[in-house]
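J.: Below are the structure tokens for one structure; questions will follow.
The values are calculated or read from the model by the stated rules, or taken from the named source; none is laboratory data. Just so it is clear, the structure is predicted and the values come from calculations on it, not from any experiment. Please note: Cβ atoms are built from the backbone with ideal geometry, for glycine as well, and neighbour counts cover all protein chains shown.
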Amino acid sequence: MKHGTTVGRIALAALPLAAAQPVLGQVSEIQIAPVTMTLTVGEQRTFLATAYDPTGNPVLTASFTWISTDLQVVTVTYDPASPQVATVTAVGPGVAQIEARSGGTVRSQAVIQVTAPQQAAPQLPDSVLPANVTTSTVSQVARIEPDIFGLNVSCRVGGFVASDLLLTTYRSIRGAQSVTVILSDGRRVENAQVAAYDVEDDLAILRVDGPGTGIQMGSDATNGQWVWSLAQPGCQQTVAAGARVTGSANGRTQVNRDVGQSQMGAPVISRQGQLVGVVSEGNQVIRASRISSLISDARALVASGSLLTTAEVARRENHSYGAVALRSDVLAASARITPMEPWHWEDLETDQRLPYTLNGPIGRYRVQLVAGGEVLNTVTVEPQAGATTQTLLTRPVTAEAAGPAQPGTPQLQTQGGGGFPVALVVLGVAAAGGGAAFLLMGGGDENGGGDPDPVPSTGSITIRIPIPGG
């Protein structure tokens with residue numbers, strides 16, 4: 001009996017040990033993958049739940065149920081035939097959990113953050129320049145103030161095409177003794193130097209350290225394309241003025257309005273912020289294809305240190321400025337001025353009421369004295385660099401018409417039958433004092449020749465100087 005009792009006790013003591021062994025197929029842990037995720041409203045993703053028994057082995061026959069802790073943020077659905085896979089749908093912004101359960105007591109969670117969908121940028125019409133393009137390009141515009149003899153020049157502008165290259169028109173610096181550049185950050189650069197220029201294409205590039213990397217080079221604008229000039233009307237802040245391309249000719253792009261704001265040299269950009277040209281004047285834009293090669297030349301010349309001052313450029317091209325003050329003794333007269341030299345520009349031709357001061361590059365100008373619709377006289381004047389000369393325009397007279405010369409009165413004589421205009425320098429005129437001299441310009445037939453008629457003398461010394469006509 002004692003032996004049997006002992007055996008029974010041993011058996012009873014072993015029973016708890018047998019009950020503590022793992023039960024195969026019993027779920028003790030659930031894992032969800034992924035554990036976290038960020039979704040945008042409207043997005044869907046799948047999650048996978050895996051059950052494990054106490055020994056760490058997967059329980060392939062486990063059944064699951066899925067829930068969402070916030071149905072305003074995410075919803076969860078699953079197929080009972082394959083409960084380990086759940087589909088989660090993002091409903092609204094926020095944070096929620098999804099939970100997988102097995103057997104009612106074992107569970108696991110995954111955290112999901114839902115964000116609002118990114119609002120698509122409104123589609124702007126082609127005629128509107130995006131604000132970010134405006135911001136990035138206006139800072140690359142600089143004001144140019146040339147010092148040109150005898151002219152009160154309003155500001156011109158240019159656009160940086162590299163960190164140290166400022167592109168503008170040649171006419172913006174033509175004839176300047178010096179140029180001051182005012183950057184968008186307020187810095188002033190005195191005596192800016194010229195890296196490259198092209199008179200025929202009306203382009204110039206100044207060497208100036210700018211505030212950025214410059215405007216990216218683009219291609220020629222095409223018909224119908226919208227473009228914008230970056231000008232400074234009234235020499236104030238830079239504004240973008242839009243226009244539509246209507247055609248092109250002679251290296252110029254034509255647009256349907258005055259994009260230059262009456263300011264030459266303004267860069268012209270595309271909607272993408274690329275340089276497509278430079279304002280020449282009014283609705284005329286110098287095309288990008290004319291600019292690229294000059295930029296390459298400028299880079300090479302900067303690298304070699306081959307820079308010029310604007311005064312040196314003016315002397316090279318005969319564009320140093322001078323002035324001739326024109327006046328007349330004929331009432332209500334005007335001067336019709338025609339430039340004569342090959343280096344002169346067509347825009348120098350003008351018709352102005354007298355008195356008028358002709359400011360322009362050195363060289364010959366044909367000046368016609370006009371009154372009542374009739375050309376009374378024609379002379380040739382020639383401004384000298386950095387100087388102002390005086391010219392009196394008067395009717396041509398003959399000695400007979402003039403009558404006897406009076407002491408102290410300058411006499412003007414033209415050639416009988418036509419010829420060169422004659423300047424008479426009258427020396428020693430009593431009324432003006434000893435040593436005084438007067439230079440009066442007269443004119444006759446500018447194509448004629450021969451000796452001038454004699455001029456009566458009343459004691460003063462008269463010297464005739466033939467001046468070649470234009």
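J.: Do we have V153 as of a type in the set (A, V, I, L, M), outside the structural domain of P93 (by TED's automatic domain parsing) and in contact with a strand residue (DSSP E or B) (Cβ under 8 Å, 6 or more places away or on another chain) here? Reasoning before the result, please.
T.: On the way: of a type in the set (A, V, I, L, M): yes; outside the structural domain of P93 (by TED's automatic domain parsing): yes; in contact with a strand residue (DSSP E or B) (Cβ under 8 Å, 6 or more places away or on another chain): yes.
Yes, satisfied.
J.: Being under 20 Å from L166 (Cα atoms) and part of a loop (DSSP other than H, G, I, E, B) is the filter here, so list the residues in the stretch 218-238 that pass it.
T.: Selection gives G218, S219, D220, Q232, Q236, Q237, T238.
J.: Name the one entry in Q272, Q284 that is among the polar types (S, T, N, Q) and touching a strand residue (DSSP E or B) at 6+ places or on another chain (Cβ under 8 Å). Spell out the reasoning first.
T.: On the way: Q272 fails: touching a strand residue (DSSP E or B) at 6+ places or on another chain (Cβ under 8 Å).
Of Q272, Q284, the one residue that is among the polar types (S, T, N, Q) and touching a strand residue (DSSP E or B) at 6+ places or on another chain (Cβ under 8 Å) is Q284.
J.: Among A385, A325, A371, A333, which is the only one that is closer than 30 Å to A196 by Cβ and not assigned by TED's automatic domain parsing to the domain that holds A196? Quick ask: steps written out before the conclusion?
T.: Details: A325 fails: closer than 30 Å to A196 by Cβ; A371 fails: closer than 30 Å to A196 by Cβ; A333 fails: closer than 30 Å to A196 by Cβ.
Unique residue meeting the criteria: A385.
J.: Related question: Hey, can you tell me all the residues within the stretch 166-203 that are part of a strand (DSSP E or B) and free of Cβ contacts under 8 Å to residues at least 60 places away in the same chain?
T.: First, pick out the residues of the stretch 166-203 that are part of a strand (DSSP E or B): 166-168, 176-182, 188-189, 193-198, 203.
The answer is L166, T180, V181, I182, R188, V189.
J.: Of all residues in the stretch 133-181, count the ones that are among the aromatic types (F, W, Y) and within 18 Å of A314 (Cβ to Cβ). Step through it out loud before you land on a result.
T.: Taking the stretch 133-181 first, the residues among the aromatic types (F, W, Y) are 149, 160, 170.
Still in the list and also within 18 Å of A314 (Cβ to Cβ): 149, 170.
The qualifying residues number 2.
J.: Here's something else I'd like to know. Taking the options N256, N250, N283, name whichever one is at pLDDT below 90, under 16 Å from the mean Cα position of the chain (by Cα) and in the same structural domain as S184 (by TED's automatic domain parsing).
T.: Working: N256 fails: under 16 Å from the mean Cα position of the chain (by Cα); N250 fails: under 16 Å from the mean Cα position of the chain (by Cα).
The unique qualifying residue is N283.
J.: Can you name the residue in the stretch 153-165 that is in a loop (DSSP other than H, G, I, E, B) and not β-branched (V, I, T) and, of all such residues, is surrounded by the fewest Cβ atoms within 10 Å (Cβ to Cβ)?
T.: Step one: of the stretch 153-165, the residues in a loop (DSSP other than H, G, I, E, B) are 153-155, 163-164.
Subset that is not β-branched (V, I, T): 154-155, 163-164.
Numbers: S154: 11, C155: 17, S163: 13, D164: 17.
Across the stretch 153-165, the extreme among qualifying residues is S154.
J.: Then there's this: In the set V111, V85, V128, which member is within 30 Å of Q225 (Cβ to Cβ) and either outside any loop (DSSP other than H, G, I, E, B) or aliphatic (A, V, I, L, M) (or both)?
T.: That would be V128, the only listed residue that is within 30 Å of Q225 (Cβ to Cβ) and either outside any loop (DSSP other than H, G, I, E, B) or aliphatic (A, V, I, L, M) (or both).
J.: Filter the stretch 173-221 for residues that are among the β-branched types (V, I, T) and over 26 Å from Q236 (Cβ atoms); which is nearest to the chain's Cα centre (by Cα)? Break it down stepwise before answering.
T.: Within the stretch 173-221, the subset among the β-branched types (V, I, T) is 173, 179-182, 189, 194, 199, 205, 208, 213, 215.
Add one more test, that the residue is over 26 Å from Q236 (Cβ atoms), and what stays is 194, 199.
Numbers: V194: 18, V199: 20 Å.
Looking at the filtered set, the residue picked out is V194.
Quick grid of which residues meet (1) within 28 Å of D185 (Cα to Cα); (2) polar (S, T, N, Q):
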site	(1), (2)
T222	no, yes
A231	yes, no
Q274	yes, yes
S293	no, yes
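J.: Could you tell me how many of the residues in the stretch 259-276 are at positive phi and modelled with pLDDT of 85 or more?
T.: Filtering the stretch 259-276 for residues at positive phi gives 261-262, 265, 273.
Cutting the leftovers down to modelled with pLDDT of 85 or more gives us 265, 273.
Going through the stretch 259-276 one residue at a time, the tally reaches 2.
J.: A further question on this structure: Out of L326, L392, L358, which single residue is assigned to a strand (DSSP E or B) and without any contact (Cβ under 8 Å) to a residue 60 or more places away in the chain?
T.: Working: L326 fails: without any contact (Cβ under 8 Å) to a residue 60 or more places away in the chain; L392 fails: without any contact (Cβ under 8 Å) to a residue 60 or more places away in the chain.
The match here is L358.
Quick grid of which residues meet (1) within 29 Å of E200 (Cβ to Cβ); (2) in contact with a Pro (Cβ under 9 Å, 6 or more places away or on another chain); (3) small (G, A, S); (4) surrounded by 15 or more Cβ atoms within 10 Å (Cβ to Cβ):
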{"residue": "G305", "(1), (2), (3), (4)": "yes, no, yes, no"}
{"residue": "H319", "(1), (2), (3), (4)": "yes, yes, no, yes"}
{"residue": "V324", "(1), (2), (3), (4)": "yes, yes, no, yes"}
{"residue": "T338", "(1), (2), (3), (4)": "yes, no, no, yes"}
{"residue": "L354", "(1), (2), (3), (4)": "no, no, no, yes"}
{"residue": "L358", "(1), (2), (3), (4)": "yes, yes, no, yes"}
{"residue": "G373", "(1), (2), (3), (4)": "no, no, yes, no"}
{"residue": "L376", "(1), (2), (3), (4)": "no, yes, no, yes"}
{"residue": "Q384", "(1), (2), (3), (4)": "yes, no, no, no"}
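J.: Please go through the stretch 332-348 and pick out each residue that is assigned to a loop (DSSP other than H, G, I, E, B) and at pLDDT below 95.
T.: From the stretch 332-348, those assigned to a loop (DSSP other than H, G, I, E, B) are 332-333, 340-345; that's our starting set.
Result: A332, P342, W343, H344, W345.
J.: Might you check whether a residue that is in the same structural domain as T238 (by TED's automatic domain parsing) and in a strand (DSSP E or B) occurs anywhere in the stretch 131-141?
T.: yes
J.: Quick one: what pairs do we get from the stretch 311-322, first residue at positive phi, second surrounded by fewer than 21 Cβ atoms within 10 Å (Cβ to Cβ), C-beta under 6 Å, 6+ apart or different chains?
T.: Between residues of the stretch 311-322 that are at positive phi and residues that are surrounded by fewer than 21 Cβ atoms within 10 Å (Cβ to Cβ), the close pairs are N318/W343.
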